[in-house]
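Enquirer: One structure, as structure tokens, below. Some questions next.
The values are calculated or read from the model by the stated rules, or taken from the named source; none is laboratory data. Just so it is clear, the structure is predicted and the values come from calculations on it, not from any experiment. We place every Cβ from the backbone using ideal geometry, glycine too, and count neighbours over all the protein chains shown.
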């Protein structure tokens, strides 16, 4: 073969090889997507700032986290119960759970510990002082009316998780009802709404959605756009101190943080963004 013919053959080969490689990469990526259908939802929170929040609110004498950075009040539930879960996701180690285990009361948040063996029958919240400025939250005050899960977005999301233990069909129904009744595209509007959206209810929406995803992937993916909106909202809610603001408004397409930062809200967002699946799959 003459040199010119050889060069021509090489050029053709390289062109074909290039086409094959490009096509092959595309096919490979396409095959990977068909197998994994990976959808990346980047966590909008700064993990380093999140760790700083817990470092600044921890009381080593009490082995408890403060309600908020500028407070000297401590709540077993929900602040420290949720913080004991959140710090594990941040690679922090504090003996908080061991400290509060004997004082945990019946609470909707128990489902986030994988505890479902209780009756869902909660009543008006009462604060009980344990020691000086340390309190626990009681939901069993018989003088108050029962709290209906379908009146509040936070309880509704937690109830949907609670039902996953034995009532799988109902769990998706409750989640879907909660989204339909309370989610307006910008936040949760329930019986407690008075002009400001509660941030922690958005965090609970993400958490409950991830539970739904692990149970029924196709069902959960029907709410993916809503969850993407929740992620977008949350991207505006972390403060320079690391904690998440308790409230926000939505005005002219802009999320405006409002209120203070606290341990309950911050912990729920840490759980929401760090729990499985962190990389979401359709």
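Enquirer: Test residue 72 against the criterion of being in contact (Cβ under 8 Å) with a residue 60 or more places away in the chain, farther than 19 Å from residue 154 by Cα and not in a helix (DSSP H, G or I), and give yes or no.
Expert: yes
Enquirer: Ok, one more. Kindly establish whether residue 232 is more than 22 Å from residue 160 (Cβ to Cβ), part of a helix (DSSP H, G or I), in the same structural domain as residue 172 (by TED's automatic domain parsing) and within 16 Å of the chain's Cα centre (by Cα).
Expert: yes
Enquirer: Can you name the number of the only condition in (1) surrounded by fewer than 20 Cβ atoms within 10 Å (Cβ to Cβ); (2) more than 19 Å from residue 245 (Cα to Cα); (3) touching a residue at least 60 places away in the same chain (Cβ under 8 Å) that residue 213 fails?
Expert: (1)
Enquirer: Now for a separate question. Return yes or no: is residue 187 modelled with pLDDT under 95 and in the same structural domain as residue 45 (by TED's automatic domain parsing)?
Expert: no
Enquirer: Same structure again: So is residue 220 within 21 Å of residue 112 (Cβ to Cβ), buried (at least 20 other Cβ atoms within 10 Å of the Cβ), assigned by TED's automatic domain parsing to the domain that holds residue 277 and free of Cβ contacts under 8 Å to residues at least 12 places away in the same chain or not?
Expert: Here the answer is yes, as residue 220 does meet what is asked.
Enquirer: Among the residues of the range 13-61, how many are modelled with pLDDT of 65 or more, touching a strand residue (DSSP E or B) at 6+ places or on another chain (Cβ under 6 Å) and not in a helix (DSSP H, G or I)?
Expert: The qualifying residues number 3.
Enquirer: Continuing with the same structure: Going through the range 93-117 one residue at a time, which ones are surrounded by 13 or more Cβ atoms within 10 Å (Cβ to Cβ) and either assigned to a loop (DSSP other than H, G, I, E, B) or not assigned by TED's automatic domain parsing to the domain that holds residue 159 (or both)?
Expert: Across the range 93-117, the qualifying residues are 94, 104, 105, 106, 107, 115, 116.
Enquirer: Please find, among 250, 162, 245, the residue that is assigned to a helix (DSSP H, G or I) and surrounded by 13 or more Cβ atoms within 10 Å (Cβ to Cβ).
Expert: 162
Enquirer: Another question, if that's okay. Can you tell me which residue is nearest to the chain's Cα centre (by Cα) among those in the range 50-59 that are surrounded by fewer than 22 Cβ atoms within 10 Å (Cβ to Cβ) and closer than 15 Å to residue 133 by Cα?
Expert: Checking each candidate, the answer is 58.
Enquirer: I want to confirm something. Restricting to the range 75-90 and keeping residues that are in a helix (DSSP H, G or I) and more than 30 Å from residue 221 (Cβ to Cβ), which single residue is modelled with the lowest pLDDT?
Expert: Looking at residues that are in a helix (DSSP H, G or I) and more than 30 Å from residue 221 (Cβ to Cβ), I get 77.
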